[in-house]
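Where a number appears in this text, it was derived from the coordinates with a stated rule and is not lab data. Because the structure is a prediction, the values reported are computed rather than measured. Cβ placement follows ideal geometry from the backbone for every residue including glycine, while neighbour counts extend to all protein chains displayed.
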Amino acid sequence: MFKSLLIADDHTVVRETLADYLEASNPCLTIYQAANFEDMWRARDLHGEPEALLVDWRMPGCSGLEGTRRTIEIFPNSSVVIFSGEMTNSDLQAARTLGVDGYIPKSFGARAVVECLHSIERDGAHFPRDFAALECDIRLPSDSRRQSGPERIQGMISPRQTEVLRLAAVGFLNKEIANQLSISEPTVKEHMSNILRTLRAKNRTDAARIARELSLI
């Protein structure tokens with residue numbers, strides 16, 4: 001594992017929860033945090049260059065592409081990894097062209113994030129295995145989803161599933177959702193599987209986006 005890591009994310013719960021997990025599972029890891037691009041860039045003067053950065057694609061004050069470009073310039077010796085749930089296919093291709101060292105979707109659990117960071121440290125880069133599929137854009141157009149009938153979909157998603165999806169959409173992990181709703185983690189996973197199947201979504205981030213389009217959450 002890297003010895004130092006800077007996590008930049010404007011969602012406080014996501015950032016702090018991930019930082020706590022990484023610190024607990026890797027006692028020798030030093031973690032810095034930033035809530036936006038400007039704070040992250042200033043952190044270089046305060047702490048020097050960390051070995052790696054986990055950077056949300058969209059944060060206040062700068063676009064994803066420009067923010068990432070400047071980050072790579074300011075931290076030339078760090079592994080820059082995009083950590084986001086809002087990457088489009090073109091975003092991901094542009095980020096790779098800029099020279100980022102990896103992409104970790106926010107839909108991944110904390111343990112998977114650790115595994116991805118290990119992979120980046122070992123191999124120098126890590127991108128989802130289905131990146132080739134992402135480049136082909138296999139998602140259904142919004143109009144096609146709407147033609148399937150929002151009313152019908154609303155009837156197929158239970159109130160409990162709606163609660164699970166609403167929490168997942170703002171970055172809560174399965175364990176946190178379970179605690180919030182006083183249900184078991186396996187039950188959360190089962191709800192998420194049913195949600196993904198109903199919405200024809202490829203992951204929880206995609207499900208949240210579709211749900212917003214259909215005014216389900």
Cα centroid separation, segment 181-217 to segment 58-104 (Å): 26 Å
Out of ILE74, ILE217, LEU117 - ranked by how far each Cα lies towards the positive end of the dipole of the chain, with unit charges on the beta-carbon of charged residues - the top one is ILE217
Near the amide H of THR30, under 5 Å away, which other amide H atoms are found, from residues 5 or more places off or on another chain, if H is placed in the peptide plane? SER4, LEU5
Debye, to nearest 20: dipole size of segment 4-135, +1 on Lys, Arg Cβ, -1 on Asp, Glu Cβ: 140 debye
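What FRET efficiency comes out for the pair ASP45/GLU185, r = Cβ-Cβ distance, R0 = 41 Å, nearest 0.05?
Numbers: r = 41 Å, r/R0 = 1.00.
With a Förster radius of 41 Å, E is 0.50.
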So which of LYS175/LYS202; LYS106/LYS189; LYS3/LYS106 end up more than 19 Å apart by C-alpha? LYS175/LYS202; LYS3/LYS106
Search the structure for amide H atoms under 5 Å from the amide H of HIS126, placed 1.01 Å from N in the peptide plane, and list their residues when 5 or more places away or on another chain. GLY102, TYR103
Looking at the chain, identify the longest residue range that excludes and avoids all trypsin sites (Lys or Arg not before Pro) in DSSP loops having at most 13 other Cβ atoms within 10 Å. 4-128
Roughly how many nanometres apart are two label points built 7 Å out from the Cα toward the Cβ at ALA125 and ARG166? 4.2 nm
Would you list CYS116, CYS62 from fewest to most Cβ contacts within 10 Å? CYS62, CYS116
Would you mind computing, in nm to one decimal, how far apart the modelled labels at GLU115 and GLU23 are, each placed 7 Å from Cα along Cα→Cβ? 2.6 nm
